[in-house]
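Here is the structure we will look at.
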Amino acid sequence: MNWPVDVTVLDTELQKAQWSKPCTYKLPEAMTTGVGTSQNNDSVKKSAAYLPHTVSFGPYHHGKNDHLKMDPHKHRVLGHFLRRFNVTLQTLTDSLVTTSGIRQQLDRVEVLPVLQRLMDSYESLGDKWLHDHDGFLKLMIFDGCFMLEILQWLLVSDGDKAVPASSAFLGSVDECYYADNDPIFSRHGKLYFLSYIRRDMLMLENQLPMLLLKTLLGAVLPAKTQEDIEEHLNMIILNFCKGHSNHNPQKMGPSLHALDLYRKSLLTICMHENQPVGASSITKNVNSGDHAKAKRPMMSCTTRSGEDIVRSAMNLHESRIKFKKSTETCNLTDIWFKGHTLRLPVVVIDDTTESTLLNMMAFERFHAGAGNEITSYVFFMDTIIDSPDDVKILRSSGVLQSAIGSDKAVAKLFNELTKDVTPDPESWLVKVVQTQLDEYCRNKWHEWRANLSHTYFQNPWALVSLLAAVLLLALTISQTFYSIYGYYKPK
């Protein structure tokens, strides 16, 4: 039987080039609708975490739901954007259709229109867009300008020190202002809409390639270098997503999209005086921008053998292990154990935490070479958090700051995040941190003290009984002593 075989599929370099193109992924239906899972409130809530609620960016959710139809706002924003930079729509169109995008492929330089590279960035682009390049071009311009306007308008509206440093990128600031009662670009919009837009901007299916933002900004600011534009984009995206971030935008390097940049900002580690040297290897190459070549130790927290015991925060606390902050900012790789202290980064748990973590974990799952540091952190936290008591210990240590209510809700959040997710058994947390914790707790003295604490110091009545038993034993010993002493030393 003669079957035609395409020998090019056996070329690993061609395969590598092919798989390196997409950076935004259409998630399986089971993840976004809960199909094939038990239909309860938790599964429905988890599925909704992947879906935008206010605005769609890109092709996956464009025009799907009424609450995402913001075309009138995007048209208005495009007019403001063009007027502020004093350019025409043709300028933006030309920047996307010309062959200015260069990609290195194998031993030759492949020159492609930016528009084609943008289409290649989406892993599952429907036939609607594949056969309608004009429609896709229009979508990229409207959505790209809308995102840029939101990011840059926030700087102007804040009126803080970031504006003078970025004034060269803002065009004519006088043209940047909107009506006082604008539904989005106003104090009202900042209060009621921007938080929802921020949430939607960090969803994997709702990403715009960074290439698009760089190209549009480069078209209206031809005098600026690509390095300056990249630094400015890093700054305004992190400012929007994280508040006034203390990350140096120059050190963040190139990113694929806003979610990728935000994820990398959570993995930027600051070495401390007492921190083990090996901990710094976690983030090696994180900011290189080369996801395909990045080689990092992976982190997860699973039981390694039948003898290993994965202990909760309460168990560790009973063994007299202290929990302290490793960094004031949220750097999720800054986890290490030394002496009898476990250092953890400060993390604020709010209404957007679940959605953001799930989407970053999905990005790590579908983008080969991205690493799995976020997934591993979540697994580690799920390991040490089994109950509200564990959350209480971490919260009292300043490691967790909750804005969602009860400790039970926080414990449930971490316990639910790891369902249907596979950890990597080869990890820094397992091989170093978890091993050190296990060895510490296996010490006979620490184990005995932990058992004593767990048995007698959790219940006040058990403690009273223990003290009474000790007192009774002491009295018995005293009585025996004086009885014997009186026999040998009579008065």
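The values are calculated or read from the model by the stated rules, or taken from the named source; none is laboratory data. The structure displayed is predicted, hence computed values, not measured ones. Cβ atoms come from the backbone with ideal geometry, glycine included; neighbour counts cover every protein chain shown. All accessible areas refer to the heavy atoms of the entire protein, side chains included, with ligands and DNA or RNA removed. Shrake-Rupley method; radii C 1.70, N 1.55, O 1.52, S 1.80 Å.
Descriptive notes on the structure:
- Given (1) in contact with a helix residue (DSSP H, G or I) (Cβ under 9 Å, 6 or more places away or on another chain); (2) modelled with pLDDT of 75 or more; (3) not hydroxyl-bearing (S, T, Y), number of the condition G398 does not satisfy: (1)
- Residue list for the range 186-232, filter: among the aromatic types (F, W, Y) and in contact (Cβ under 8 Å) with a residue 60 or more places away in the chain: F193, Y196
- Check on Y196, of a type in the set (F, W, Y), open to solvent by 20 Å² or more (accessible area, probe 1.4 Å) and under 21 Å from the mean Cα position of the chain (by Cα): yes
- Any chance H61 is open to solvent by less than 20 Å² (accessible area, probe 1.4 Å) and under 32 Å from the mean Cα position of the chain (by Cα): yes
- Residue count for the range 357-376, restricted to those that are open to solvent by 40 Å² or more (accessible area, probe 1.4 Å) and either at pLDDT 90 or above or farther than 21 Å from S20 by Cβ (or both): 2
- Residues located in the range 377-403, provided they are among the aliphatic types (A, V, I, L, M) and surrounded by 14 or more Cβ atoms within 10 Å (Cβ to Cβ): V378, M381, I384, I385, V391, I393, L394, V399, L400
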